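The values are calculated or read from the model by the stated rules, or taken from the named source; none is laboratory data. Every value quoted in this text rests on a predicted model; they were computed, and no experiment measured them. No Cβ is skipped: glycine too gets one built from the backbone with ideal geometry, and neighbour counts run over all protein chains shown.
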Amino acid sequence: MAAIRLEQVTKAFGAVTAVDDVSLEIADGEFLVLVGPSGCGKSTLLRMIAGLEDVTGGEVWIGDREVTDFAPRSRDIAMVFQTYALYPHMTVRQNMGYGLKARRTPKPEIARRVAEVGELLGLTDLLERRPAQLSGGQRQRVAMGRAIVRQPQAFLLDEPLSNLDAKLRVGMRASLAQLHQRLGVTTVYVTHDQTEAMTLGQRVAVMRDGRILQCDRPQVLYRHPNNLFIAAFIGSPAMNLVAGTVEGNGVRFGQYLVPVATPPALEHVVVGIRPESFEDAAFAPGMPTIRARVEVLEELGSDAHVFFQVEAPPMTAEVLETASEEGLLPTDRALFTARVDARTSARVGAELDLAVDPASFHFFDPDSGARLDTSAAPVLAAR
Amino acid sequence: MSARRRGRRARQAGWNVVGIAIFVVMVFPVFWMISTAFKPNEQIISVAPTWFSLHPTLQHFRDAIDKPYFWVDVKNSLIVVSVTVAISIVLAFLAAIALARYGFGGRKLFIVLVIGIQMLPQAGLIIPLYVVLADYHQVNTLTGLIVTYMTFVLPFCVWTLRGFLLGIPKELEEAAMVDGSTRVGVFMKILLPLMGPGLVATSVFAFITTWNEYIFARVLLNDQSKQTVTVWLSYFLGSSRHTDWGALMAASTLTAIPVVVFFLLVQRRIAFGLTAGAVRG
């Protein structure tokens, strides 16, 4: 096992810069997730660590070796591809043993390690099958097995769960977390799914346009997103974002004026409120309330999502950067989501009093998208 | 039965008839060649056609084989075909890898040229090729013919193999490289086994094209001892007043045998979809 260090790594494809001056340290044994929308450069960054893409500028270190110009085979890393990339003409056993064979490991040792990992992943009965005879989940496990058998310095996983159906994905996610705990191998995991990132990563690096916007523990990203993009990206359902103005000791957004303890210094701001900062007023006495007209009600059993309109233009990272994007509904009013107790009396078309916790409001600069901190400075500690 | 269902049945029956008609048109010449090869002469030239001879004879086959230069020309054909196919496949495979996997200046132009060459009428190339080969004293030699065949077999093989290679996910090679293989290792252990069906299919087509080629062989080879079997076959039509149809058909049947045998030997390897299961669910 080894730490991975990227120093001002850049990758350009002609005039397009896919990865732009990224510096990142991944500690020995850490599980780091690279997350971001498609085309943000996360897969390219991973492939640069693997040696499958040349580095335009900067250095890649694995352990105490600078491997920037090393061939993939000399880096001692294992990679799991989104498509699994199992060798179709080989059995599961041969697939898993291929890397060891290529490295001239003695045959008995290969057999022992393949059997061991096969047992660990529940593949023992499938060892003589070919990839075509396996289900999606089994193929995924074989791909993992092929990586584990090698006992490499680090695992690089490129969206390994994205081809599985939703239910299997949740199961495999838990298995991956367990495996990492057991093996303790440095892991870099690429995904576009923020839920996967939040649940798996010890640290999560959010990427956009080839840059890392913030790299921190999932809880820090969630509680202190340092800009609008991360605020909009992390969390499900997504954070409600709307244009607002500071009025005295309160913040006005649309028809609502909510008192806040320490309002931001700017007059015009973007207000961010997580759906779980709301509650049906009946279950949260003593909090400030707003009256909302229920547009849509989603009852999920464990809780309920209440959608209501706010008379102010919605704000997203995209809206800020690229004017407005036409949605299905008129975009001059934001549609807010509130996550409330499942016992709520909310009915579509009726009015509902929602308690709201102003202490959990987020404020952003509408020009730069940067976080405007009202209380404590954001926690920037790495781990 | 509703009118709609009846209509669908009728349409289906119509297509079946068309299919059978096409089958008959394609198979009949082959059937006629083989059946004529076994018929006694009087049945061949009689006005009323005989579909199957009830008294088959092997005499025509004996006549054909005893004709001068048969074995020599079969040997020539085998040499030309095997050398052309072997060299073309090796070169085409390497070229196809370059075209399918590596980016380089002029790649698109090269691909267009490769396919463009296929569109030139071959007859138009005979004279220029003859002149060039004559300059290098390669007229009336098998090497000259091999080089000529490669001018159209090689581009065809490059084009086809490139298509097969594009069907093999690049991730398989990348996975093998991360797993510890060199580029040569990836080629030997991953690409070559997966390209098996593609290589077989391409060589079958190359074999058939070269074995059946007549015009270039006819023009470039004038010495009877250096001719290929298709040219040898044409001598049966020597005089317009008397053609030995029985021997001609027997000889044609014999000429077709190697192609059929080669195809039967390798057709099981043409199992498309071998990469199934490599990627995704």
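Structure notes:
- Residue within the stretch A:112-119 that is away from chain B (no Cβ under 12 Å), over 25 Å from the mean Cα position of the chain (by Cα), within 19 Å of A:Pro88 (Cα to Cα) and surrounded by 15 or more Cβ atoms within 10 Å (Cβ to Cβ) present: yes
- In the stretch A:87-96, the residues that are buried (at least 23 other Cβ atoms within 10 Å of the Cβ) and outside any loop (DSSP other than H, G, I, E, B): A:Val92, A:Asn95, A:Met96
- Residue, farthest from A:Gly171 (Cα to Cα), within the stretch A:104-150, restricted to residues that are assigned to a helix (DSSP H, G or I) and among the basic types (Lys, Arg): A:Lys107
- Residue check for A:Tyr84: within 14 Å of chain B (Cβ to nearest Cβ), surrounded by 21 or more Cβ atoms within 10 Å (Cβ to Cβ) and on the phi > 0 side of the Ramachandran plot: yes
- Whether a residue is at the interface with chain B (Cβ under 9 Å from one of its Cβ atoms), assigned to a loop (DSSP other than H, G, I, E, B), of a type outside the set (Ser, Thr, Tyr) and closer than 14 Å to B:Ala175 by Cβ was assessed, and A:Met79 does not pass this test.
- In summary, B:Val112 fulfils each of the numbered conditions (1) of a type in the set (Val, Ile, Thr); (2) crowded, with 17+ Cβ neighbours inside 10 Å; (3) more than 30 Å from B:Gln227 (Cβ to Cβ) with the single exception of condition (2).
Every residue, every condition in (1) part of a strand (DSSP E or B); (2) closer than 22 Å to A:Ala304 by Cα; (3) at pLDDT 90 or above, yes or no:
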| position | (1), (2), (3) |
| --- | --- |
| A:Ala238 | no, yes, no |
| A:Arg252 | yes, no, yes |
| A:Pro263 | no, no, no |
| A:Gly272 | yes, yes, yes |
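- Here A:Glu109 clears all of (1) of a type in the set (Asp, Glu); (2) closer than 19 Å to A:Pro160 by Cβ; (3) in contact with a helix residue (DSSP H, G or I) (Cβ under 8 Å, 6 or more places away or on another chain) except the condition numbered (2).
- So B:Gly185, is it in a helix (DSSP H, G or I), out of contact with any Phe, Trp or Tyr (no Cβ under 9 Å at 6 or more places or on another chain), within 30 Å of B:Val259 (Cα to Cα) and within 14 Å of another protein chain (Cβ to nearest Cβ): no
- Boolean, A:Arg169 is of a type outside the set (Phe, Trp, Tyr) and within 12 Å of chain B (Cβ to nearest Cβ): yes
- Residue ID - surrounded by the fewest Cβ atoms within 10 Å (Cβ to Cβ), chosen from residues in the stretch A:165-178 that are within 17 Å of the chain's Cα centre (by Cα) and not small (Gly, Ala, Ser): A:Val170
- Condition met for A:Val67 (buried (at least 16 other Cβ atoms within 10 Å of the Cβ), free of Cβ contacts under 8 Å to residues at least 24 places away in the same chain and touching a helix residue (DSSP H, G or I) at 6+ places or on another chain (Cβ under 8 Å)): yes
- Inter-residue pairs, beta-carbon under 7 Å, first at the interface with another protein chain (Cβ under 8 Å from one of its Cβ atoms) and in the stretch A:134-150, second surrounded by 24 or more Cβ atoms within 10 Å (Cβ to Cβ) and not in a helix (DSSP H, G or I), 6+ apart: A:Arg139/A:Tyr84; A:Arg139/A:Leu86; A:Arg150/A:Ala78
- Of all residues making up the stretch B:204-251, the number that are closer than 18 Å to B:Val139 by Cα, in contact (Cβ under 8 Å) with a residue 60 or more places away in the chain and not hydroxyl-bearing (Ser, Thr, Tyr): 15
- Listed by first and then second residue, the pairs linking a residue in the stretch A:347-376 that is in the same structural domain as A:Arg291 (by TED's automatic domain parsing) to a residue that is of a type in the set (Asp, Glu), with Cβ atoms under 6 Å apart and 6 or more places separating them unless they lie on different chains, are A:Ala355/A:Glu279.
- Filter result for A:Thr56 (in contact (Cβ under 8 Å) with a residue 40 or more places away in the chain, within 30 Å of A:Leu221 (Cβ to Cβ) and not charged (D, E, K, R)): yes
For (1) closer than 18 Å to A:His268 by Cβ; (2) buried (at least 18 other Cβ atoms within 10 Å of the Cβ); (3) hydroxyl-bearing (Ser, Thr, Tyr), each residue gets a yes or a no:
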| site | (1), (2), (3) |
| --- | --- |
| A:Asp209 | no, no, no |
| A:Asp216 | no, yes, no |
| A:Gln219 | no, no, no |
| A:Ser236 | no, no, yes |
| A:Leu241 | yes, yes, no |
| A:Gly248 | yes, no, no |
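- Residue match in the stretch A:27-45 (condition: within 26 Å of B:Leu172 (Cβ to Cβ), within 14 Å of chain B (Cβ to nearest Cβ), surrounded by 15 or more Cβ atoms within 10 Å (Cβ to Cβ) and not aromatic (Phe, Trp, Tyr)): yes
- Check on A:Arg169, under 27 Å from B:Asp179 (Cβ atoms) and in contact with a Pro (Cβ under 8 Å, 6 or more places away or on another chain): no
- Test: A:Ser23 is assigned by TED's automatic domain parsing to the domain that holds A:Glu196, within 22 Å of the chain's Cα centre (by Cα) and surrounded by fewer than 17 Cβ atoms within 10 Å (Cβ to Cβ): yes
- Residue list for the stretch B:167-182, filter: within 20 Å of A:Met144 (Cα to Cα), under 31 Å from the mean Cα position of the chain (by Cα) and not in a helix (DSSP H, G or I): B:Pro169
- Some residue of the stretch B:135-150 being away from chain A (no Cβ under 14 Å), surrounded by fewer than 18 Cβ atoms within 10 Å (Cβ to Cβ) and in contact with a Leu (Cβ under 7 Å, 6 or more places away or on another chain): yes
- Residue check for A:Met79: crowded, with 23+ Cβ neighbours inside 10 Å, assigned by TED's automatic domain parsing to the domain that holds A:Thr124, touching a helix residue (DSSP H, G or I) at 6+ places or on another chain (Cβ under 8 Å) and closer than 16 Å to A:Ala2 by Cα: yes
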